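This report refers to the structure that appears directly beneath it.
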Amino acid sequence: MTRDAGAGESGTYSSAIAEEVESAHRSRLAWKAEQLRVWDLLQLIAPWLLLTISTVIYCAGVLPASGERFWPEGASVLGLVAVSVLWVLFGHTLPIIRRTLRPVPAGIFLVGLLALCVTLMTYADVFLVFTVAGFFHAYLLRPWQLGVFGVLATSVALNGSTMRVWADPTPGLLAEFVLIVAVQTAAIGVGIVLTARSEPEERKREELVERLEAALHENAGLHAQLVAQAREGGAHDERQRLAGEIHDTLAQGLAGIITQLQAAERSASAQGGTDEHVARALRLARSSLTEARRSVRALAPQELRRAHLPDALRALAERWSEDQGISAQVEVTGTREPLSPAIEVSLFRVAQESLTNVAKHAKATRVGVTLSYTGAEVLLDVRDDGRGFAQAVGAGFGLTSMRQRIRGVGGHVEVQSAPGEGTSVSARVPAIAPGGTSAQEETGR
């Protein structure tokens, strides 16, 4: 009993650690995914947003009610905008979505983009807004030196056109232009440099995190195996103890009762009659002895002594359906694997307790039992369409015992229910094969 109890406490502790690690892992991945999603969206929509803003402002300024100022300059601008749309679509957006962006095509795209922006700015300064898209694209250029050069080229195109440097290159204007370009390139380019330098460290960090996660999963699997072995060892010791006690006490006592009753029966027969009470006591004693011997031979469910878990669940569901008059369907998915007796007994008891709860409380018309072999784990789901219950009241002795039993073999149980929406009981346990190895290892041998 001590070893089994220790295994249960250890399994509970391991389950809590595993759940905490898994929760932290999910939070980190969710944060990282959110960060990448925002940056990817920004990279995708920035050129489109900036081009749309520039075009709308331009059209609003050159389209009076008569439209006489629009032609022919406006048509040329709209033609350049259409070319820009195609250039951004095929040179920027689609390669990012398809993850086919390469250094040389990315550099060619930036050159073409800046050429279009400079041409558009000869018609209207408002298209400097669209030119800012070059800064965003520069972050996609590799190596980082090319990205910094992209920032420099974008800054030159942007400020050279707006400051009219090429039309009237006075010394003061040139000095101001050089200063602005240098500051702008340094301010934006430093982000590219830092990103490039931190990328190898980030990659190494991700590799270390992946190794740590793999080690944690491996340790969790090994711990589950140790828990299963300890539980089986404790159950075996307890079975031996109970068998010895039953044999030495109850069975011996019943055998003595039978011997005495047989003697009384012979004595009564010799006197010409049989005492009905003696005969009845003899039958009861024999029945008790048979039951005691059955308890000695096996402490596991009878269904599992005759079949494996899937067949035992089907037999349980059929018998329960006949007794209760409720449709119960059993579905088995995945490749069947041999499981530890402790695992099979625990899952069978969960299904048994769940069906008992459905019969007592649910008032359901249908029940579905699904057993899923996923390789490293085995999942058992019992769902009904009954009246359900509030989660606050779903903590009875049966559910508590169910959770403790599954935690004892390194798994966990989730119960989902709401008034009027039925109930779902889901148990997840490691696929430990007989002898304490994982089911995948056992299959591969």
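The values are calculated or read from the model by the stated rules, or taken from the named source; none is laboratory data. Just so it is clear, the model here is predicted, and its values are computed rather than measured. Every residue, glycine as well, gets a Cβ built from its backbone with ideal geometry; the counts of neighbours run over all protein chains shown.
For region 87-131, which residues satisfy the criterion of being part of a helix (DSSP H, G or I) and basic (Lys, Arg)?
Of everything in region 87-131, just one residue is part of a helix (DSSP H, G or I) and basic (Lys, Arg), namely Arg98.
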Can you say whether Glu303 is at pLDDT 85 or above, under 24 Å from Arg407 (Cα atoms) and crowded, with 16+ Cβ neighbours inside 10 Å, as far as the supplied structure shows? no
Just name the residue that is farthest from Asn219 (Cα to Cα) out of those in region 395-427 that are without any contact (Cβ under 8 Å) to a residue 60 or more places away in the chain and in contact with an Asp or Glu (Cβ under 6 Å, 6 or more places away or on another chain). Gly398
Any chance region 372-394 includes a residue that's surrounded by fewer than 21 Cβ atoms within 10 Å (Cβ to Cβ), among the hydroxyl-bearing types (Ser, Thr, Tyr) and in contact with a Leu (Cβ under 9 Å, 6 or more places away or on another chain)? yes
Could you grab me the full set of residues in region 145-172 that are more than 25 Å from Leu116 (Cβ to Cβ) and part of a helix (DSSP H, G or I)? Pro171, Gly172
Can you confirm whether region 333-349 contains a residue that is buried (at least 16 other Cβ atoms within 10 Å of the Cβ), of a type in the set (S, T, N, Q) and at pLDDT below 90? yes
Considering only residues that are modelled with pLDDT of 85 or more and of a type in the set (A, V, I, L, M), which ones fall in region 350-369? Val350, Ala351, Leu355, Val358, Ala359, Ala364, Val367, Val369
Is it true that some residue in region 121-134 is under 30 Å from Arg197 (Cα atoms), surrounded by 18 or more Cβ atoms within 10 Å (Cβ to Cβ) and touching a Phe, Trp or Tyr at 6+ places or on another chain (Cβ under 7 Å)? no
Answer residue from region 371-393, given it is β-branched (Val, Ile, Thr) and touching a residue at least 40 places away in the same chain (Cβ under 8 Å) and is nearest to Ser426 (Cα to Cα) among those: Val382
In region 405-445, residues that are modelled with pLDDT of 85 or more and polar (S, T, N, Q) total 5
Restricting to region 141-154, and then to whatever is over 14 Å from Val190 (Cα atoms) and over 41 Å from the mean Cα position of the chain (by Cα), can you tell me which residue is surrounded by the most Cβ atoms within 10 Å (Cβ to Cβ)? Thr154
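Residue by residue, here is whether (1) in contact with a strand residue (DSSP E or B) (Cβ under 9 Å, 6 or more places away or on another chain); (2) of a type in the set (S, T, N, Q); (3) part of a loop (DSSP other than H, G, I, E, B) holds:
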residue: Leu339; (1), (2), (3): yes, no, yes
residue: Glu353; (1), (2), (3): yes, no, no
residue: Ala359; (1), (2), (3): no, no, no
residue: Gly388; (1), (2), (3): yes, no, yes
residue: Val409; (1), (2), (3): yes, no, yes
